[in-house]
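The values are calculated or read from the model by the stated rules, or taken from the named source; none is laboratory data. Owing to the predicted nature of the structure, the values given are computational and were not obtained by experimental measurement. Cβ atoms come from the backbone with ideal geometry, glycine included; neighbour counts cover every protein chain shown. Only protein heavy atoms, including side chains, enter the accessible area calculation; ligands, DNA and RNA are left aside. Shrake-Rupley method; radii C 1.70, N 1.55, O 1.52, S 1.80 Å.
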Amino acid sequence: MAKSEQRMPLPKLDDLFTTETERQEAELEKVKNISLTDIQDFPEHPFRVIVNDELQEMANSIKKDGVQEPALVRPLPNGKYEMISGHRRKKASEIANKETMPCLVRDLTDEQAAIIMVDSNLQQRQKILFSEKAFAYKMKLEAMKKQGFRTDLTSDQIGEKLTSVEKLSANSPDSKSQIQRFIRLTELTKSLLDMVDEEVIAFSPAVEISYLTKEEQKWLLNSIECNIATPTLSQAQEMKRLSQSGNLDEDKIEEIMSREKPNQVEKLKLDFKTLAPKMPKGMPSTKYTEHIFKALDFYNKYLEKQKSMGAR
């Protein structure tokens, strides 16, 4: 019986009508101008796009010279694109009344996209909020988990040797233990996390109070507003210990927070429960202090006006 001939694979139709150079060029990533309306934001993007002087300056530059560095996007099944790196450039382009922007289109998995998005923002942004870094690290760690790395975080601030966090810290400005502490901040309620971003609550105490339950954090917020004082590291550590042993309640939080601190000046105490009905409906409690000072300024101006009218 004759030996069967080995069949050679048939050439693809494209290969019959294109040169090798043309085929190589087709596989390269290319920059293309994409309509801004066809670019969707990255889902749950942890970095804020704030319209400030810096963004306005970027918009003025784009209006004059266009976007100099292409954004990075990935194609979506619906024919549109998802922004990976370039959210601020997109917003600045919108302010500059541009209809399109240059983008590098790259096929990426969800995990690859998340990792590149976090890395590019950490490297490019000059000022990053505590909350932004916290949720960014958490997102990247979850992406690494789906790619098969270990991500078993411990509850300690210092923590054990963790393969995933070490790998994450290798390309990040923070150590593995600091990354763990940042991720703890994602357990804070929004009101408390806003205070961390505004540097009203220091970072280390914030990490400790992140171990409190959501109800305990609500009690703490009320106490902060009533005492016009934020917890020290030792106070936060004490509340954490009591919470974990099941012995923390609203009265205990108030007792801890009302203690006199070293070098503490005399302070005015406000009763949160008494203030709440007198505040504008719907106003968050974090705005009470600002509202009170504005009311006092308005009242003082009124008194000055009354005094000047009486002198006539």
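Key figures for this structure:
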{"read-out": "Residue list for the stretch 137-175, filter: assigned to a loop (DSSP other than H, G, I, E, B), over 27 Å from Leu55 (Cα atoms) and at pLDDT 75 or above", "value": "Gln147, Ser175"}
{"read-out": "Looking only at the stretch 218-262, and only at residues there that are touching a Phe, Trp or Tyr at 6+ places or on another chain (Cβ under 7 Å) and open to solvent by less than 40 Å² (accessible area, probe 1.4 Å), the one that is nearest to Val207 (Cα to Cα)", "value": "Lys240"}
{"read-out": "Residue match in the stretch 51-59 (condition: part of a helix (DSSP H, G or I), farther than 30 Å from Ile201 by Cβ and free of Cβ contacts under 8 Å to residues at least 12 places away in the same chain)", "value": "yes"}
{"read-out": "Check on Leu104, under 12 Å from Ile34 (Cβ atoms), open to solvent by 20 Å² or more (accessible area, probe 1.4 Å) and either modelled with pLDDT of 90 or more or outside any loop (DSSP other than H, G, I, E, B) (or both)", "value": "yes"}
{"read-out": "Residue that is in contact (Cβ under 8 Å) with a residue 40 or more places away in the chain, in a helix (DSSP H, G or I) and buried (at least 18 other Cβ atoms within 10 Å of the Cβ), where the choices are Ala92, Ala134", "value": "Ala134"}
{"read-out": "Selection count, the stretch 185-201, where residues are within 17 Å of Glu215 (Cα to Cα) and either basic (Lys, Arg) or part of a loop (DSSP other than H, G, I, E, B) (or both)", "value": "3"}
